[in-house]
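Enquirer: Sharing a structure, written as structure tokens. Questions coming.
The values are calculated or read from the model by the stated rules, or taken from the named source; none is laboratory data. Please read all numbers here as calculations on a predicted model, not as lab measurements. Every residue, glycine among them, receives a Cβ derived from its backbone with ideal geometry; neighbour counts consider all protein chains shown. The area values use the complete protein model at the heavy-atom level, side chains included, leaving out ligands, DNA and RNA. Shrake-Rupley method; radii C 1.70, N 1.55, O 1.52, S 1.80 Å.
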Amino acid sequence: YAARDSVFDGVQIKESDYLALSRGDFKTSRDFGEVARYMAQSLELSKAEFVTVFCGADVVNGISETLLETLKEEAGPSTEFNVIDGGQPVYYFIIGVE
């Protein structure tokens, strides 16, 4: 999430917006579901065998489930998911796709 108002790549970002970075592109929104959908679509999950989601130290209740459900909707039927308490500061999630 954005800790303060800023501008990145010409896009206005407001404090508390959710941010998603994928393959050099990014999405910002106040709606976490919108950001989760962007991530799920940008990661080409239909081709993935494994997806690992590292949850950060400051993850807010409920958004882990929202993200996981959204990722699974885009994934293939045999994609395996692992959710790990990564404890990383700053980033709510780091997602690895194999």
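Enquirer: Just to be sure I understand the filter: pairs with C-beta atoms under 9 Å, separated by 6 or more residues or on different chains, first member in segment 72-89 and free of Cβ contacts under 8 Å to residues at least 24 places away in the same chain, second member loosely packed, with under 15 Cβ neighbours inside 10 Å. Which pairs pass?
Expert: Hits for this filter: Lys72/Phe81.
Enquirer: If you don't mind, another one. In segment 25-41, how many residues are surrounded by fewer than 11 Cβ atoms within 10 Å (Cβ to Cβ) and at pLDDT below 90?
Expert: Qualifying residue count, segment 25-41: 1.
Enquirer: Next question. Looking at Tyr38, Tyr1, which is the one that is under 13 Å from the mean Cα position of the chain (by Cα) and touching a residue at least 60 places away in the same chain (Cβ under 8 Å)?
Expert: Checking each option against the conditions leaves just Tyr1.
Enquirer: Would you check which residues across segment 50-98 are of a type in the set (A, V, I, L, M, F, W, C), part of a strand (DSSP E or B) and within 13 Å of the chain's Cα centre (by Cα) and list them?
Expert: First, the residues of segment 50-98 that are of a type in the set (A, V, I, L, M, F, W, C): 50-51, 53-55, 57, 59-60, 63, 67-68, 71, 75, 81, 83-84, 90, 93-95, 97.
The next check asks that each one be part of a strand (DSSP E or B); those that pass are 50-51, 53-55, 81, 83-84, 93-95, 97.
Selection gives Val51, Val53, Phe54, Cys55, Val83, Phe93, Ile94, Ile95, Val97.
Yes/no per residue for (1) at positive phi; (2) open to solvent by 70 Å² or more (accessible area, probe 1.4 Å); (3) modelled with pLDDT of 95 or more:
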| residue | (1), (2), (3) |
| --- | --- |
| Asp9 | yes, yes, no |
| Tyr18 | no, no, no |
| Arg23 | yes, yes, no |
| Glu49 | no, yes, yes |
| Asp58 | no, yes, no |
| Glu73 | no, yes, yes |
| Gly86 | no, no, no |
